[in-house]
Amino acid sequence: MLRRGARADRTGTPADFLVVGLGNPGDEYAKTRHNVGAEVVEVLARRHGARLRKAKKELALVDEVRIGTSRVALAVPLTFMNDSGQAVQALARRFGVEPTQIVIVHDELDLSVAVLRVKNGGGLAGHNGLRSIKQHLHDDRFARVRIGVGKPQSKEQGADHVLNRFSKRERTEVDVTVELAADAVESIVADGVDTSMNRFN
């Protein structure tokens, strides 16, 4: 369990950053609105020659890369979205990172489709994955790279909406945003969250 300001008992080589792309596991959820965060981490893995492999203990696909001079752990949880915190807590322990060294990439209902925003800490906007992470870390000071997936017509349709795929037109726009979101993560690692917020928001 991470306490505010306390470093976890490390179980592996320490990393400078942990970047986690949220989504649901399984082929049936691939390319759905809820899985855009996972797509961004997959792009980062390709860019930096990583191969995301199953780490049973941490309930995630994981690999490590160098971005500039920083050692960066890339991860996609194998838990369902609502239990993302289980994987993130275990990953934080493995890589010896504090919440301020964690970047979470996720879908955002409150943003129009394909809009990109970088945020440092703050509210959870009703996102169950973020809620789970905060519960497990006991801290919300992690950075977020948010990708808009648009709002459903009613709140009751929210669960179905995020499990749907994008229209063909939306998908074209989102593909561009996924690449931009990977740029934003690299910017956070290289230049910090504040600089990246100014650049991408």
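Here are the numbers:
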{"read-out": "Residue within the stretch 56-66 that is touching a residue at least 60 places away in the same chain (Cβ under 8 Å) and either farther than 24 Å from M197 by Cβ or crowded, with 24+ Cβ neighbours inside 10 Å (or both) present", "value": "no"}
{"read-out": "Conditions (1) crowded, with 19+ Cβ neighbours inside 10 Å; (2) not in a loop (DSSP other than H, G, I, E, B): number failed by D139", "value": "(2)"}
{"read-out": "Subset of the stretch 32-58 [in a loop (DSSP other than H, G, I, E, B), basic (K, R) and modelled with pLDDT of 95 or more]", "value": "R51"}
{"read-out": "Pick from the stretch 160-196, criterion within 17 Å of A45 (Cβ to Cβ) and small (G, A, S), ranking: surrounded by the fewest Cβ atoms within 10 Å (Cβ to Cβ)", "value": "A182"}
{"read-out": "Criterion (in contact with a Lys or Arg (Cβ under 6 Å, 6 or more places away or on another chain), of a type in the set (S, T, Y) and closer than 22 Å to S196 by Cβ) met by exactly one of T69, T100", "value": "T100"}
{"read-out": "Residue match in the stretch 125-134 (condition: assigned to a strand (DSSP E or B), hydrophobic (A, V, I, L, M, F, W, C) and under 15 Å from the mean Cα position of the chain (by Cα))", "value": "no"}
{"read-out": "Among residues of the stretch 157-186, those that are in a helix (DSSP H, G or I) and touching a strand residue (DSSP E or B) at 6+ places or on another chain (Cβ under 8 Å), counted", "value": "11"}
{"read-out": "Cβ-Cβ under 6 Å pairs, at least 6 apart or on other chains, the stretch 157-185 side of a type in the set (S, T, N, Q), far side surrounded by 15 or more Cβ atoms within 10 Å (Cβ to Cβ)", "value": "T177/A114; T177/L116; T177/I147"}
{"read-out": "Check on K119, basic (K, R), farther than 15 Å from G85 by Cα and surrounded by 15 or more Cβ atoms within 10 Å (Cβ to Cβ)", "value": "yes"}
{"read-out": "Hits in the stretch 68-93 - residues which are surrounded by 24 or more Cβ atoms within 10 Å (Cβ to Cβ) and over 16 Å from E39 (Cα atoms)", "value": "V72, A87, V88, L91, A92"}
{"read-out": "Residue that is surrounded by the most Cβ atoms within 10 Å (Cβ to Cβ), among those in the stretch 145-156 that are in contact (Cβ under 8 Å) with a residue 40 or more places away in the chain, part of a loop (DSSP other than H, G, I, E, B) and of a type outside the set (K, R)", "value": "V149"}
{"read-out": "Hits in the stretch 181-196 - residues which are of a type outside the set (V, I, T) and closer than 14 Å to A38 by Cα", "value": "A181, A182"}
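Residues checked against (1) of a type in the set (S, T, N, Q); (2) modelled with pLDDT of 95 or more; (3) assigned to a helix (DSSP H, G or I); (4) at positive phi:
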| residue | (1), (2), (3), (4) |
| --- | --- |
| V65 | no, yes, no, no |
| R71 | no, yes, no, no |
| V88 | no, yes, yes, no |
| V97 | no, yes, no, no |
| T100 | yes, yes, yes, no |
| V103 | no, yes, no, no |
| G123 | no, no, no, no |
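The values are calculated or read from the model by the stated rules, or taken from the named source; none is laboratory data. Since the model is a prediction, treat every value here as computed from it, not as a measurement. Every residue, glycine among them, receives a Cβ derived from its backbone with ideal geometry; neighbour counts consider all protein chains shown.
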